[in-house]
Amino acid sequence: MNKAAPAKEFRLDLHGTFLRRTDLSRASLKRANLAGADFSKAIFRGADFEDAILDGTILKGADLTGAKNLTRSQLSKAILDETTKLPEEFSTVQTEANRGDE
C-alpha cells in the first residue's frame, strides 16, 4: 500500500497558546506552528526558526537576539513593538530606516 507523503507537517504546534515570559533560548522551533501565539516578553536567544509559522504571533518585548534562520517574511507577519529585540542583522536595517527622523 502506497501512502502519499504528507504535506509539510508541523513538528511542534503551539498556535494560539499563551506563553508570555517563556524562556526558549536555543530551542529548535524548526517547522513549528506559532501562529497567533502570545510570546510577549519571551526569550528566544539563539532559537532556530527555520520554516516556523509566525502569522499573527505576538512578540512584543520578546528577545530574539542571536535567533537563527529567521526571515524578514516571518517577522513581517508577526506582531512586534519597539521593545522587541531583533537579531543584529535586522536591528541594523531598522536603525538605518529610522535615521530619516533625526
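The values are calculated or read from the model by the stated rules, or taken from the named source; none is laboratory data. In this text the structure is predicted, and so the values were computed from the model without any measurement. Backbone-built Cβ (ideal geometry, glycine too); neighbour counts: all protein chains shown.
Some points to look at:
- Selection status of F49, modelled with pLDDT under 95, buried (at least 18 other Cβ atoms within 10 Å of the Cβ) and at negative phi: no
- Among residues of region 14-34 that are closer than 17 Å to T84 by Cα and modelled with pLDDT of 95 or more, those with a beta-carbon under 8 Å from a residue that is among the β-branched types (V, I, T) and in a loop (DSSP other than H, G, I, E, B) at least six positions away or on a different chain give the pairs L34/T57.
- Number of positions in region 30-50 that are assigned to a loop (DSSP other than H, G, I, E, B) and in contact with a Phe, Trp or Tyr (Cβ under 7 Å, 6 or more places away or on another chain): 1
- Test for S40: is it polar (S, T, N, Q) and crowded, with 17+ Cβ neighbours inside 10 Å: yes
For (1) without any contact (Cβ under 8 Å) to a residue 40 or more places away in the chain; (2) closer than 23 Å to F10 by Cβ; (3) crowded, with 19+ Cβ neighbours inside 10 Å; (4) out of contact with any His (no Cβ under 7 Å at 6 or more places or on another chain), each residue gets a yes or a no:
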| site | (1), (2), (3), (4) |
| --- | --- |
| I53 | no, yes, yes, yes |
| A62 | yes, yes, yes, yes |
| N69 | yes, yes, no, yes |
| L86 | yes, no, yes, yes |
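- Residue count for region 9-29, restricted to those that are over 17 Å from A67 (Cα atoms), outside any strand (DSSP E or B) and either within 12 Å of the chain's Cα centre (by Cα) or not hydroxyl-bearing (S, T, Y) (or both): 8
- Residue count for region 72-84, restricted to those that are free of Cβ contacts under 8 Å to residues at least 12 places away in the same chain and part of a loop (DSSP other than H, G, I, E, B): 1
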